[in-house]
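Notes follow once the structure below has been shown.
The values are calculated or read from the model by the stated rules, or taken from the named source; none is laboratory data. On a predicted model such as this, the values are computed, not experimentally measured, just so you know. Counting neighbours? That spans all protein chains shown, and the Cβs are built from the backbone with ideal geometry, glycine included.
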Amino acid sequence: MIYWHQTTTDGIESVVSGGDPRQFKAESDEVNDRIIESISGKTVEELAREVREIQGRVPTAVHSIPDPSSTAFICMNRAESSTNERLQMMAGH
């Protein structure tokens, strides 16, 4: 969850600043494996702090984007997700 929320927020912030949406070079299962490896060994407190920091950035990023239907996220298969779609997905986690 932490990584996907951070990636969504990074993508929104990039688009707001005139950059490109966040793009992935791997399938989601491979990305998930990398995420698990990268967070192994972190304490619950560390993970909770990271979640709070990311969740604190989300509202600012979302309120800054001029068009919530603009693409913020592109998967390896080139499927695009808008800010609205990513927020709906995040709300379901």
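You will find that of 60, 8, the residue that is in a helix (DSSP H, G or I), surrounded by 12 or more Cβ atoms within 10 Å (Cβ to Cβ), out of contact with any Gly (no Cβ under 9 Å at 6 or more places or on another chain) and in contact (Cβ under 8 Å) with a residue 24 or more places away in the chain is 8 and no other. Could you check residue 18 against (1) free of Cβ contacts under 8 Å to residues at least 40 places away in the same chain; (2) assigned to a helix (DSSP H, G or I) and say which number it fails? For residue 18, the exception is condition (2).
Is it the case that residue 45 is among the acidic types (Asp, Glu), out of contact with any strand residue (DSSP E or B) (no Cβ under 7 Å at 6 or more places or on another chain) and either under 19 Å from residue 90 (Cβ atoms) or buried (at least 17 other Cβ atoms within 10 Å of the Cβ) (or both)? When the stated conditions are applied, residue 45 does not pass them.
Each row is one residue, and each column tells you yes or no for (1) under 16 Å from residue 6 (Cα atoms); (2) within 12 Å of the chain's Cα centre (by Cα).
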site: 44; (1), (2): no, no
site: 47; (1), (2): yes, no
site: 51; (1), (2): yes, yes
site: 61; (1), (2): yes, yes
site: 70; (1), (2): no, no
site: 81; (1), (2): yes, yes
site: 86; (1), (2): yes, yes
site: 92; (1), (2): yes, no
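Among the residues that make up region 26-42, is at least one of them outside any helix (DSSP H, G or I) and surrounded by 15 or more Cβ atoms within 10 Å (Cβ to Cβ)? No, there is no match, as no residue in region 26-42 is outside any helix (DSSP H, G or I) and surrounded by 15 or more Cβ atoms within 10 Å (Cβ to Cβ). If we scan region 75-90, do we find a residue that is surrounded by fewer than 12 Cβ atoms within 10 Å (Cβ to Cβ), modelled with pLDDT of 90 or more and in a helix (DSSP H, G or I)? Checked region 75-90: no residue is surrounded by fewer than 12 Cβ atoms within 10 Å (Cβ to Cβ), modelled with pLDDT of 90 or more and in a helix (DSSP H, G or I). Residue pairs whose Cβ atoms lie under 8 Å apart, sitting 6 or more positions apart in sequence or on different chains, and linking a residue in region 22-48 that is under 19 Å from residue 77 (Cβ atoms) to a partner that is of a type in the set (Gly, Ala, Ser), are 22/11; 22/14; 22/72; 34/26.
Just wondering, is there one or more residues in region 23-36 that are under 12 Å from the mean Cα position of the chain (by Cα) and among the polar types (S, T, N, Q)? Scanning region 23-36, I find at least one residue that is under 12 Å from the mean Cα position of the chain (by Cα) and among the polar types (S, T, N, Q), so the answer is yes.
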